[in-house]
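Structure first, then comments.
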Amino acid sequence: MTEANPDKGYVAILGWSLKAIEAIAKFDRRYIVVAPYWAEEYATANDIPFIKWDFERLNDRSHEIAQTLKDMGVDVAIPLFEETVEWAGAINSVLLGNPRLLGQSMLFRDKSLMKRRAQLGGIRVGIFEEAMDRSDVIRFLKRVNQTLLKLEGDVNDPIHMKAFDKAGCLGHRVIRTADDVDAISDDEFPALLESHLDGWEFAVEAWIKDRKIQFLNISEYVTLGYSVFVPATPELEKWRGRITEQIEKLIEVFDIDFGFIHPEYFVTNDGTLYFGEVAYRPPGFNAFELMERAYGFNAYQALVLAFDPKSTQEELDAFFPEPVVGAKGHAGCFGVYPRRRVVSELQIPEETENHSYFEFHELAPPMEQKVTKRTAFGTHWGLVYFFGNDAHQMRDLLKRQEDLDFYV
């Protein structure tokens, strides 16, 4: 553990992530981890500063953790997961004496409120609506396709159904027919409905301090839910100026003074940028690890810098490399999901393992032979990592993995 600088901030990490804890323990800030009770034994055995707390829901004891941290001298709380974003807002409203931060965190948690706030601020979004039951989904599907002048017998344009407050692809369905609607269970409501946007979908990771972008990364999705790499191809990076303007607009509209945001966008064939959603926590698919592999800086330590009220501009300038040109290469990963309904063993394809860009994988042998049918986007079984110099080769390599069997 690195010696902490008493002149710098004291941060609370909300959520349990060994990668984050190991990175922050090597940094020069004091820290404490606030996580569920099941992590206490490990934390104690490994001398990790720890407070146990139940993040299941905000309740009448919510103020208690904020006051506890304030009494300890903690300066700011940093959310690691979607479920802790609202908690961070509640705690920081006390620690920083700014009640607005709680309301702001609610916007980041509720996709419907988020879309309305963006729309009110003049940010371009697709058509969206809340759904309380299956009849709302049918009505939205029909209305969108009527708007697109579809005739009887034409194939429907898809719509998307997303959970209000879940991360990434969790609870995300693509709906084309009434049969798709019938498959939705009651416990998935209420939900957000969106029109489908044809275009290039990508994500942004932006560290913000004093309402200024300190570092902006563009993550290129090869196929949503399967693969991503950083930095992006030159074809996507040419949009960096426009994308930066959009992030600055988000900072203004959502009133963001500090921290980290992970928005998603679409760029259509005519060059129009559409806002998808924005999260106030680290992205999934180990994007932080990909950035460290490509750029060399630790993104969790960057989180601390962006949140710590005692960070200086000089520190931030010295910490971050120059975007794109500061990268040593392109780092990507592919999320594996079995293509067969019955599997017996893990078998890394030879063409994957022998490729010069292949580095390692986090796949485990199958626990069961029968593969559960994938609902919505489902959850991958593990990640395969690649690193190389050519963005186009990385893109094509990740796309190729979709046609290969890792479980046979």
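The values are calculated or read from the model by the stated rules, or taken from the named source; none is laboratory data. Source: prediction; values computed, not measured. Backbone-built Cβ (ideal geometry, glycine too); neighbour counts: all protein chains shown. The accessibility values were calculated without ligands, DNA or RNA, using every heavy atom of the protein model including side chains. Shrake-Rupley method; radii C 1.70, N 1.55, O 1.52, S 1.80 Å.
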Study note, to complete from the structure: FRET efficiency for Asp403 and His63 from the Cβ-Cβ distance with R0 = 60 Å, rounded to 0.05, comes out at 0.65
Review point. In terms of Cα to Cα distance under 13 Å, which aspartates and glutamates are near enough to Lys310, apart from those fewer than 8 places away along the same chain?
Key: Asp7, Asp28, Asp75, Asp210
Exercise for review: Let me have the relative contact order for the stretch 242-333, percent, based on Cα pairs under 8 Å that are six or more residues apart.
Suggested key: 23
Study note, to complete from the structure: Quick shape check on the stretch 20-76: root eigenvalues a ≥ b ≥ c of the Cα gyration tensor, a/c under 1.5 is rounded, otherwise prolate if a/b tops b/c, else oblate, and it reads oblate
**Study point:** Proximal lysines to Lys115, defined as alpha-carbon separation beneath 25 angstrom and excluding residues fewer than eight positions away on the same chain
**Key:** Lys142, Lys162, Lys166, Lys209, Lys212, Lys249
Check your understanding: What accessible area per residue, rounded to a whole number of Å², is obtained for the chain using a probe radius of 1.4 Å?
Key -> 47
Revision key, fill the gap. Checked the chain against the a/c 1.5 cut and the a/b vs b/c comparison, axes a ≥ b ≥ c from its Cα gyration tensor; verdict rounded
**Study point:** Accessible heavy-atom area order of Arg29, Arg143, Arg173, highest first, probe of 1.4 Å
**Key:** Arg143, Arg173, Arg29
Check your understanding: What dipole magnitude, in Debye to the nearest 20, does the stretch 46-201 give about its Cα centre under +1 on Lys/Arg Cβ and -1 on Asp/Glu Cβ?
Key -> 620
**Study point:** Model label zone, Glu252; criterion: amide N under 13 Å from point 7 Å along Cα-to-beta-carbon; scope the stretch 107-136
**Key:** 121-124
**Study point:** Over the chain: helical MRE at 222 nm, DSSP H runs n ≥ 4 each giving -39500 (n - 2.57), nearest 500
**Key:** -9000 deg cm²/dmol
Check your understanding: If you put +1 on each Lys and Arg Cβ and -1 on each Asp and Glu Cβ, how big is the dipole of the chain around its Cα centre, in Debye rounded to 20?
Key -> 600
Point to revise | the stretch 244-339: Rg to Rh, with Rh as the Kirkwood radius over Cα pairs | key: 0.99
Practice item. Take the Cβ-Cβ distance between Glu22 and Leu151 as r, set R0 to 60 Å, and report the resulting FRET efficiency rounded to the nearest 0.05. Key: 0.55
Review point. Which whole-angstrom value gives the distance between the alpha carbon centres of the stretch 1-60 and the stretch 312-382?
Key: 27
Review point. If we sort 78-86, 337-345, 362-370 on the protection proxy, mean other Cβ atoms within 10 Å, highest first, what's the order?
Key: 78-86, 337-345, 362-370
Revision key, fill the gap. For Thr312, the accessible surface traced by a 1.4 Å probe with all protein chains present amounts, in square angstrom to the nearest 10, to 50
Check your understanding: Considering the dipole of the chain built from charges on the beta carbon (Lys and Arg +1, Asp and Glu -1) around the Cα centre, which of Phe360, Asn46, Met291 is farthest to its positive end?
Key -> Met291
Check your understanding: Taking the Cα centre of the stretch 308-408 as origin and charging only Cβ (+1 Lys, Arg; -1 Asp, Glu), how large is the dipole, in debye to the nearest 20?
Key -> 720
Review point. Can you tell which of Ser185, Ser112, Ile175 lies farthest toward the positive end of the dipole of the stretch 103-225, using +1 and -1 charges on the Cβ of basic and acidic side chains (Lys, Arg; Asp, Glu)?
Key: Ser112
Check your understanding: If you take the square roots of the eigenvalues of the alpha-carbon gyration tensor of the stretch 286-380 and sort them as a ≥ b ≥ c, do you get rounded (a/c under 1.5), prolate (a/b over b/c) or oblate?
Key -> prolate
